[in-house]
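Everything on this sheet refers to the single structure shown next.
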Amino acid sequence: MGKLWGGRFDKGTNRFIEEYTESISFDQRLFKEDIKGSIAHCRMLIKQGIIPEEEGKKIISALEEILKEAEEKGIPCDPSYEDIHTYIESRLREKVGDIAGKLHTARSRNDQIVLDVKLYMKREIAQIISLIEELQKNLVKKAEEEIDTILPGFTHLQHAQPVSLAFHLLAYFWMLERDRGRFKDALKRLDENPLGSCALAGTALPIDRFYTTELLGFEKPTENAMDTVSNRDFILEFLSTAGIAMINLSRLCEEMVIWSSPEFSFVELSDEVCTGSSIMPQKKNPDVAELTRGKVGRVIGNLVSLLVTLKGLPLSYNRDLQEDKEPLFDTADTLKGALKAVSLMIEGAKFNRERMRLMAKEGFTEATDLADYLVKKGIPFREAHRIIGEIVKYCIANSKRLDELSLTEYKKFCQEFEEDLYKAIDIENVVDSRKSYGGTSRTLLKEQIERIKKERGWQKG
Ligand code: ARG
């Protein structure tokens with residue numbers, strides 16, 4: 001296979017070096033974007049009178065044929081093709097002969113590869129955003145079903161205050177909402193057309209970058225050709241954003257691992273997302289949750305890998321930049337897989353309502369409310385805190401819960417206690433009284449769920 005750049009070379013490339021330097025084994029997944037970019041470029045060359053219309057049209061229909069062929073048969077993984085751009089140009093030459101050489105007028109692989117990657121990322125990010133939305137929808141659906149389920153809210157993994165399970169699930173909705181926002185943001189920033197930057201400095205030929213911008217559906221052309229061919233920070237932004245999203249998923253997964261343990265027994269994951277053990281017949285393991293937690297490692301690794309590759313690179317294009325693609329592809333695949341898997345896991349999760357309610361009453365989770373009760377009777381909070389602390393100590397010593405003490409016992413600690421204290425520490429009341437904006441009161445949660453459903457158009461189904 002003749003190199004695109006063979007003219008000034010006497011010797012062919014060493015076979016091993018061809019293998020060492022090739023990227024076709026992984027950049028072939030950009031073939032659609034590469035062809036789409038070439039067609040837009042060719043249309044622009046025709047419009048500007050840089051190549052004759054007749055020849056340009058032949059090139060375009062041959063490119064369309066190549067696209068079809070590649071979709072049907074795939075791309076041969078031959079390292080002598082070097083990269084996807086070379087492969088497509090050589091196929092073009094086989095189809096239209098020497099005029100194939102006109103396509104690369106006013107273009108370099110340096111702007112071509114940035115274009116391909118940006119087009120690929122626009123598609124991937126759109127998919128990731130809709131997978132995030134799918135998971136959010138499942139969380140909201142579960143939240144709606146579990147609004148009356150009460151469980152202990154934790155701090156330090158110790159029982160803190162009772163909350164609605166809907167509240168806990170919606171916490172993940174809002175976490176994902178920020179991930180969704182970050183991806184939308186990343187999409188906005190990368191939405192600039194690199195085509196026409198050429199090798200690094202633009203071109204003396206009369207190209208029209210605004211026209212290709214329109215054809216390819218970008219917001220605007222990039223402003224500086226040298227920056228354009230060197231820029232990979234839009235990939236870094238994607239990798240960081242994906243890293244944060246994976247970490248958020250991993251936290252949800254960690255909770256599912258803990259909650260599905262017999263000690264917690266808060267959730268039963270569906271058989272569809274679990275596996276068994278080859279030796280212990282009783283086992284049902286939360287593999288999806290564990291693997292998602294585990295896959296964070298490679299996603300963070302991919303981010304670190306590109307950060308280090310870019311550090312200290314002089315302008316403009318350097319071949320080091322070829323190392324951007326494998327981490328990018330791996331992260332996009334991993335995140336999409338994780339979002340789908342976690343969505344399935346949440347969809348099939350069965351929460352153990354009785355167990356959660358039982359545990360919500362353990363660990364003196366109403367203690368804060370009891371202190372607030374005294375505050376309402378005019379006792380300073382610090383003083384109330386001390387009194388309740390002593391009552392808790394008394395309960396521990398006598399193996400009693402707060403709702404099991406008699407009014408006489410309460411009065412020994414403080415004269416202000418009256419019969420209505422029991423209402424104040426009733427578990428439902430404790431949850432519903434937290435009406436401060438963003439609190440766990442079921443009225444607020446119902447309103448929030450309705451608002452989300454309305455905004456997203458999820459009312460039906
Ligand atoms: N395979 C190359 C990459 O991924 C494409 C650009 C090559 N440009 C060059 N001047 N060798 O970065």
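The values are calculated or read from the model by the stated rules, or taken from the named source; none is laboratory data. Just so it is clear, the structure is predicted and the values come from calculations on it, not from any experiment. Here the Cβ is made from the backbone with ideal geometry for all residues, glycine too, and neighbour counts use every protein chain on show.
Observations on the structure shown:
- All positions within the range 255-270 that are under 11 Å from PRO286 (Cα atoms), of a type outside the set (Gly, Ala, Ser) and part of a loop (DSSP other than H, G, I, E, B): LEU269
- Residue that is surrounded by the most Cβ atoms within 10 Å (Cβ to Cβ), among those in the range 6-59 that are acidic (Asp, Glu) and free of Cβ contacts under 8 Å to residues at least 60 places away in the same chain: GLU55
- Test: residue in the range 312-321 that is within 25 Å of MET226 (Cα to Cα), away from the ligand (no atom under 16 Å from the Cβ) and either in contact with a Cys (Cβ under 7 Å, 6 or more places away or on another chain) or not in a helix (DSSP H, G or I) (or both): yes
- ALA338 meets the conditions (1) part of a helix (DSSP H, G or I); (2) within 16 Å of the ligand (Cβ to nearest atom); (3) hydrophobic (A, V, I, L, M, F, W, C) in every case but one. The failed one is (2).
- Hits in the range 76-90 - residues which are surrounded by 20 or more Cβ atoms within 10 Å (Cβ to Cβ) and either modelled with pLDDT under 95 or away from the ligand (no atom under 16 Å from the Cβ) (or both): TYR81, GLU82
- Matching option when the condition is touching a Pro at 6+ places or on another chain (Cβ under 6 Å), under 25 Å from LEU358 (Cα atoms) and assigned to a helix (DSSP H, G or I), among VAL392, VAL430: VAL430
- Where THR331 falls short, out of the listed (1) within 16 Å of the ligand (Cβ to nearest atom); (2) buried (at least 17 other Cβ atoms within 10 Å of the Cβ); (3) assigned to a helix (DSSP H, G or I): (1)
- Qualifying residue in the range 1-10 (condition: under 40 Å from the mean Cα position of the chain (by Cα), at pLDDT below 95, within 14 Å of ILE113 (Cβ to Cβ) and not acidic (Asp, Glu)): yes
- Annotation for the range 308-316: at least one member residue is surrounded by 14 or more Cβ atoms within 10 Å (Cβ to Cβ), at pLDDT 95 or above and not aliphatic (A, V, I, L, M).
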